[in-house]
Every structure is written in C-alpha cells, then in structure tokens.
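This report refers to the structure that appears directly beneath it.
Bear in mind these aren't lab numbers, they're just calculated from the coordinates by the rules spelled out. Keep in mind the model is a prediction, meaning the values are calculated, not measured. Virtual Cβ from ideal backbone geometry, glycine too; neighbours counted across all protein chains shown.
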Amino acid sequence: MFFSYSASSGAPILYLEDLFVEEAYRHQGICKALLSKLANLSIENHCCRMEWHAL
C-alpha cells in the first residue's frame, strides 16, 4: 500500500497491489477487515479514491 496523487482531482490516491490471505486464514473476515481499515485510511487522508490492482 502506498499513496499516489491524482492530478485531475488534485487529491491523493490510496493504492493497493496484490492483497493475499493464506488459505488457513480465509473465511474469517480478515480480508474484509483489512480493506475496511484501508478505506478508513483513505478517508482520513482525504483521498479521492482507493485503487486495488491484483496483478
């Protein structure tokens, strides 16, 4: 995760690449909790959007 910048919006972007949860920890709400925390960080930092790319 890192912050980028949108020149067209004049605001930061929270950028996430490749979120992976080990099989043993899946179906426990971990990914949902991680994405929720990242969304809150995005709001706290006045981001215009959050981007997630799975390569």
Next item on the list: Output the number of residues of segment 32-55 satisfying the condition of being out of contact with any helix residue (DSSP H, G or I) (no Cβ under 7 Å at 6 or more places or on another chain), surrounded by 13 or more Cβ atoms within 10 Å (Cβ to Cβ) and aliphatic (A, V, I, L, M).
Entry: 5
Next item on the list: Would you point out the residue of segment 24-55, among those that are more than 14 Å from Phe2 (Cα to Cα) and among the hydroxyl-bearing types (Ser, Thr, Tyr), that is farthest from the chain's Cα centre (by Cα)?
Entry: Tyr25
Next item on the list: For segment 1-44, enumerate the residues that are at negative phi and charged (D, E, K, R).
Entry: Glu17, Glu22, Glu23, Arg26, Lys32, Lys37, Glu44
Note to self: Kindly evaluate Ile30 against the criterion of being β-branched (Val, Ile, Thr) and in contact (Cβ under 8 Å) with a residue 24 or more places away in the chain.
What the structure shows: no
Checklist line | Answer residue from segment 14-31, given it is surrounded by 10 or more Cβ atoms within 10 Å (Cβ to Cβ) and of a type in the set (Phe, Trp, Tyr) and is farthest from His46 (Cα to Cα) among those | finding: Tyr25
